[in-house]
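The values are calculated or read from the model by the stated rules, or taken from the named source; none is laboratory data. Model, not experiment: these values are computed from the prediction. When we count neighbours, we look across all protein chains shown, and the Cβ atoms used for this are built from the backbone with ideal geometry, even at glycine. Accessible surface areas use protein heavy atoms only, side chains included; no ligands, DNA or RNA. Shrake-Rupley method; radii C 1.70, N 1.55, O 1.52, S 1.80 Å.
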Amino acid sequence: MSTIQSSFLIATVLMLLLLDFTVDAQSSADVVFPLKRYGTIVPGTDITKALANAWKDACTSNRSSAIVIPGGIFKVKEGIFKGPCNSPIDFQLGGTLQAPKSLQGNNWITFERIDRLTLSGEGVFDGQGKAAWKKNDCHKRINCAQLPISLRFNFITNSIVKRITSLDSKNFHINVLGCNNLTFHNINITAPENSPNTDGIHIGRSNRIAITMSKIATGDDCISLGDGSKQINITNVTCGPGHGISIGSLGRYTNEEPVEGVIVNNCTIINTTNGVRIKTWPASAASGTATNMQFLDIIMVNVSNPILIDQEYCPWNQCNRKIPSKIKISKVSFKNIRGSCATPVAIKLICSRHLPCDEVKVGDIDLTYNGIKGPITSQCTNVRPIISGKQNPKICSSPYVVP
C-alpha cells in the first residue's frame, strides 16, 4: 500500500470515528432555515419552489446554515442546488422526496460546486422508477434514451453524505463527478434485481472518495468506477443483488483519464452476477491505464463470477473482440477472498493480448462451488499472476475459451 493510500485510509478511519460521535447530534449550524418558513408544507404537496428558496438563503448566508425538511412524503419536480456558497450547509432530510413518475432528462436532484456540504438525515430520495424501467433499454443498445439519475454530486469538495436512502431510481442512484474528499457513510440504496441500469454509486474523474458501512441492492453494479477515479476507498459495504463492485468499464471513449489507487476492503457480496471486477472494452477508443487496485478481505455468497478481470467486455455485442483492449492493467491484488460461487469458474483473469496485465497478485483464495456443472476452476489469459497462500481453486487451472 502506497504512502498516499495509507494516509487516505487513516484519514477515512478518523472521519468515521468522528461520524460515530456526531451522527445523532443536532445541527451545529449558526442559522436554520426550516422549510415551513417558505410556505405551507403539507405532506403530499410539491415543495420544489420552497426548497429552491431555502437553498438560495442558505447559500448566500455568511454563517453556517441548515435546511431542515420535516417528516412526511413530499413531491419535488427537480432540485438543482448550486454553489459556490458562502459557508457550510447542512441539508437535513427527515422525510421522503418523491420524483415525478414521468420525469425525463438527465437529472432529478443535483448538488453542484459546493464546499463543506453535509447531506444527512433518515430520509428517502424516492426516484419512483418502476414505470420507467420498461423504457430503459440502455442495457441492450448503445443509442438509448436517457433517463434521469436520482442524485448527482458535481464538483463537491470536503463533504459528507450520511444515513440517507435512495429508493427505486430510474437510472443510476448516485453519480459522482469531479469531486474531491467526499464521503458516503451509512447509506442505503435499494432497487429490485430486475431494474436496468440502476447502478448504486458511479464515480468518475474524482479524487479521495470514501464509501463506508453502506448497503447497496440494485439491478446493476453496486459501485462502479469510471475513468479518472483516484484514491477511492470502499470499506464495509454489503452488495447484492446486483452486478457487484466494478472498475470500469474503461476504454469506450477517447480522452479517458487513468484509474489509480483503489481499495475495496472488508465487503460482503451476495447473490450477484459478479463479485469484484475490472472491465475494459476491446477495440478501445484510445490507450489508458488502471493501476494500484486492491481487493482485500471479501466474503462472497453465491456469486457467479467472484473474481474477474475482463478485457473483452462487450455488453451489446457491438464491438470487435478480435481487436485487443488498449487499457493497461497493472499492480492488482486479490487477497483473502472466500465464500461460495454460483458457477464453477470462480476466477477469470482475461487480459489484453496487446497489453498483458502486470503484477497481478492472487493470495489466500478459498471459494467453493457445490453445483452440478463440474468442479470449481479458474481461467487466465495474457497474465502471469503472482500466487501466494491458499489456492482454492488452483489459479489458472483451466484454459480460457474465447466466447
Residue check for Asn154: under 20 Å from the mean Cα position of the chain (by Cα), more than 24 Å from Lys56 (Cα to Cα) and open to solvent by less than 50 Å² (accessible area, probe 1.4 Å): no
Complete set of residues in region 205-226 that are surrounded by 24 or more Cβ atoms within 10 Å (Cβ to Cβ) and touching a residue at least 60 places away in the same chain (Cβ under 8 Å): Asp220
All strands (runs of 3 or more DSSP E) inside region 323-403 with 1 or more residues being closer than 25 Å to Asn266 by Cα, in contact (Cβ under 8 Å) with a residue 60 or more places away in the chain and of a type in the set (A, V, I, L, M, F, W, C): 327-341, 358-368
Region 318-356 - residue that is open to solvent by less than 10 Å² (accessible area, probe 1.4 Å) and of a type in the set (S, T, N, Q) and, of those, nearest to Ser287 (Cα to Cα): Ser325
Scope region 281-304; condition within 22 Å of Lys335 (Cβ to Cβ) and either of a type in the set (D, E, K, R) or touching an Asp or Glu at 6+ places or on another chain (Cβ under 9 Å) (or both); matching residues: Thr289, Ala290, Thr291, Asn292, Met293, Asp297
Of all residues making up region 236-276, the number that are open to solvent by 20 Å² or more (accessible area, probe 1.4 Å), outside any loop (DSSP other than H, G, I, E, B) and more than 21 Å from Thr190 (Cα to Cα): 3
Members of region 142-156 that are closer than 9 Å to Gly127 by Cβ and in a loop (DSSP other than H, G, I, E, B): Pro148
Residue ID - surrounded by the most Cβ atoms within 10 Å (Cβ to Cβ), chosen from residues in region 283-317 that are polar (S, T, N, Q) and closer than 20 Å to His354 by Cβ: Gln311
Complete set of residues in region 277-297 that are touching a Gly at 6+ places or on another chain (Cβ under 7 Å), part of a strand (DSSP E or B) and hydrophobic (A, V, I, L, M, F, W, C): Ile278
Any chance His202 is touching a Leu at 6+ places or on another chain (Cβ under 6 Å) and either over 15 Å from Ala290 (Cβ atoms) or open to solvent by less than 10 Å² (accessible area, probe 1.4 Å) (or both): no
Number of positions in region 54-84 that are open to solvent by less than 60 Å² (accessible area, probe 1.4 Å) and polar (S, T, N, Q): 3
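Residue by residue, here is whether (1) more than 24 Å from Ser249 (Cβ to Cβ); (2) more than 29 Å from the chain's Cα centre (by Cα); (3) of a type in the set (Asp, Glu) holds:
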{"residue": "Asp366", "(1), (2), (3)": "yes, no, yes"}
{"residue": "Ile372", "(1), (2), (3)": "yes, yes, no"}
{"residue": "Ser388", "(1), (2), (3)": "yes, yes, no"}
{"residue": "Asn392", "(1), (2), (3)": "yes, no, no"}
{"residue": "Pro403", "(1), (2), (3)": "no, no, no"}
Positions within region 157-184 being open to solvent by 10 Å² or more (accessible area, probe 1.4 Å) and either of a type in the set (Val, Ile, Thr) or assigned to a strand (DSSP E or B) (or both), in sequence order: Thr157, Asn158, Ile160, Lys162, Thr165, Leu167, Asn175, Leu177, Asn180, Asn181
Test result for Gly95, crowded, with 18+ Cβ neighbours inside 10 Å and within 25 Å of Lys215 (Cβ to Cβ): yes
Where a residue in region 154-181 is acidic (Asp, Glu) and its partner, wherever it lies, is open to solvent by less than 40 Å² (accessible area, probe 1.4 Å), with Cβ under 6 Å and at least six apart: Asp168/Gly127; Asp168/Gly129; Asp168/Ala191
For Ala52: the one exception among (1) over 28 Å from Ala210 (Cβ atoms); (2) at pLDDT below 55; (3) of a type in the set (A, V, I, L, M): (2)
Any hit, region 357-365, residues being surrounded by 15 or more Cβ atoms within 10 Å (Cβ to Cβ), under 24 Å from Pro258 (Cβ atoms) and β-branched (Val, Ile, Thr): yes
Whichever residue in region 185-199 is of a type in the set (Val, Ile, Thr) and assigned to a strand (DSSP E or B) and, among such residues, is most open to solvent (accessible area, probe 1.4 Å): Thr190
